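Chemist: Take a look at the following structure, please.
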Amino acid sequence: MILVIDALNKHKFPKLLDEMFLLRGRVFGGRLGWDVSVDKGRERDHFDDLDPAYVIGLDDEGHVVSCVRALQTTGPHMLSDVFSEILDGEPPIRSATIWESTRFCVDTKRLGRGKGPNSLSYATCELMLGSLEYAQQSGITDIITVIDPVMDRVLKRSDNAPYDYVGKVADMGKVPALAALLDCTDERMDRIRAHGGIEGEVFISDEQALALPAIAARTKPKSDLEKYCEEQISAATTKQEKLAALRLKEVLEDKIRSRMDQRA
Amino acid sequence: MDNLPSIFGQHDLFDLEDLPEASDDFSRFLFNVRDRFGVDDIAYAGMNPVNGSIFGHVTYNDDWKAHYASQGYHKIDPTLHKARRSIAPVDWARLDRDSNFLMVFDDARDFGIRDQGLTIPVRGPYGDVGGLSVTSSLSQKEWNKLKGEVLVGLQSVAVHVHDMVIRSDNLSNLLRTPTLSHRELEALQWTSAGKSQQDIADILSISNRTVEVHLRSARHKLYALTTAQAVGRAISMGLIYPG
């Protein structure tokens, strides 16, 4: 299952994002040994402060098993900044219909071998598919992705080989990195689906995600305060009444939202 | 900016039609886009990151424009302020029906404007942000179908309008000189020599699609809608030689 979290819905999933940063810490700071900064186990950089979109793979319980980050190439992004060495002094690609994808990773601990829905292979394909579909539905035609040679092999093995590369392979700390191009076409997505054995819709809605056991378990039930606010909103009959009721709930938002963060 | 009255302060709204230069082009362009994509109305709003002023240009009727500005809705409009924090187009169905949404759209209905639409957020390299919104009164089913058909085109339009507006601002003018990569220049140079995309792919030993990627990037950097326009601009700027 794939959930997209961005600046508009991230307040609903604080613990899920935390799990994602922990996963990135384990993968990029630990297993892959990238030159990234890890704080209390969480890997973050300043692109995470620019309201990127995260495409996140969840298991049936509602735990993060994979994630990738997307940014527009028209604004600040990694290739225009920290990965500029890959481009060998060349200015970065800038296009309304190309997104940059970075920090692709899967949780090898939570996932097993083989081909089933809880396997590494399935989760990898599902995340590739999810990120391509999300881009395609947004009017994006191509993705430029910053990866290491290991990920490059994973892409090729998953019948999702890049159609080209931009710039050169550059040394980024301990590991080389390169920029690859992927088209967001039905043909590519069909190949990934066939390879991963993925059928049907991969995305889940915010509501479906909130109902998953691990996520529901740490969200406290609605407080009396929240219920009261919602009753006031639905009982309003005039525009003025409705405005007043909506504003009351917005003023109390901090108190209402804190229920999402109550339990770890 | 120099020509604007100094009473405009933080978060004030500029109707680009009042701007002395290039205003006709913006207006004509947006009306053309509206007709071509089959939507009811199109609105662009951009924010200058340095002084926080908001620039707007819309196809809405004058009554709604006047009401919107007089109520100061540009300060609270969630289709501007919330949607721009996404990287993907935001269907307004995704926005909370909060007090700001109700304020704006309850009034909008009185002016014949529906709350069915979407906003394409744009981010520029200097921290400049903007959004292109379209509205539609089609049935929900038809609207979803239309979205699928026009989004790629609207993405390009959104960035194009944004870049034009930001470029027309003197401040960012100073910051802007196009930086084209060698591949982008090569692709433009061969295009100006009359080569097709496939020819260029063969010459440069890269895929056809990569040539397209470089040409598209070059078009954006040169604020051109077509490759021919980009070639013309690159020649006039001395970036490539006439073919």
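Chemist: How many residues does the range A:133-162 contain that are over 25 Å from A:Trp34 (Cα atoms), in contact (Cβ under 8 Å) with a residue 12 or more places away in the chain, of a type outside the set (Gly, Ala, Ser) and within 13 Å of another protein chain (Cβ to nearest Cβ)?
Modeler: Within the range A:133-162, residues that are over 25 Å from A:Trp34 (Cα atoms), in contact (Cβ under 8 Å) with a residue 12 or more places away in the chain, of a type outside the set (Gly, Ala, Ser) and within 13 Å of another protein chain (Cβ to nearest Cβ) number 6.
Chemist: May I pose another question? Is there a residue in the range B:66-82 that is assigned to a loop (DSSP other than H, G, I, E, B), exposed (fewer than 14 other Cβ atoms within 10 Å of the Cβ) and either in contact with a Lys or Arg (Cβ under 8 Å, 6 or more places away or on another chain) or more than 14 Å from chain A (Cβ to nearest Cβ) (or both)?
Modeler: yes
Chemist: Tell me, which residue of the range A:178-215 that is among the aliphatic types (A, V, I, L, M) and more than 20 Å from the chain's Cα centre (by Cα) is modelled with the lowest pLDDT?
Modeler: Here is the first cut: in the range A:178-215, the ones among the aliphatic types (A, V, I, L, M) are A:178-182, A:189, A:192, A:194, A:198, A:202, A:204, A:209-212, A:214-215.
Restricting the remaining residues to those that are more than 20 Å from the chain's Cα centre (by Cα) gives A:178, A:194.
On the way: A:Leu178: 91, A:Ala194: 96.
Applying the filter and picking the extreme gives A:Leu178.
Chemist: Mind listing whichever residues of the range A:32-58 are within 14 Å of another protein chain (Cβ to nearest Cβ) and within 15 Å of the chain's Cα centre (by Cα)?
Modeler: A:Phe47, A:Asp48, A:Asp49, A:Leu50, A:Asp51, A:Pro52, A:Ala53, A:Tyr54, A:Val55 - these are the residues of the range A:32-58 that are within 14 Å of another protein chain (Cβ to nearest Cβ) and within 15 Å of the chain's Cα centre (by Cα).
Chemist: So B:Thr119 ticks every box in (1) touching a strand residue (DSSP E or B) at 6+ places or on another chain (Cβ under 6 Å); (2) surrounded by fewer than 23 Cβ atoms within 10 Å (Cβ to Cβ); (3) hydroxyl-bearing (Ser, Thr, Tyr) but one. Which box is left unticked?
Modeler: (2)
Chemist: Further, regarding this structure: Output yes when any residue across the range B:130-144 is surrounded by 19 or more Cβ atoms within 10 Å (Cβ to Cβ) and aliphatic (A, V, I, L, M), and no when none is.
Modeler: yes
Chemist: Check whether at least one residue in the range A:18-31 is within 11 Å of chain B (Cβ to nearest Cβ) and not in a strand (DSSP E or B), and report yes or no.
Modeler: No, the range A:18-31 contains no residue that is within 11 Å of chain B (Cβ to nearest Cβ) and not in a strand (DSSP E or B).
Chemist: What are the pairs, 6+ residues apart or on separate chains, where a residue within the range B:145-159 that is free of Cβ contacts under 8 Å to residues at least 60 places away in the same chain and more than 8 Å from chain A (Cβ to nearest Cβ) has its Cβ under 7 Å from a residue that is aliphatic (A, V, I, L, M) and not in a helix (DSSP H, G or I)?
Modeler: Close Cβ pairs satisfying both conditions: B:Lys147/B:Leu118.
Chemist: Please work out if B:Arg183 is within 11 Å of chain A (Cβ to nearest Cβ), under 21 Å from B:Leu80 (Cβ atoms) and buried (at least 20 other Cβ atoms within 10 Å of the Cβ).
Modeler: no
The values are calculated or read from the model by the stated rules, or taken from the named source; none is laboratory data. Please read these numbers as outputs of a predicted model, since none were measured by experiment. Heads up, the Cβs are rebuilt from the backbone with ideal geometry, glycines too, and the neighbour counts pull from every protein chain shown.
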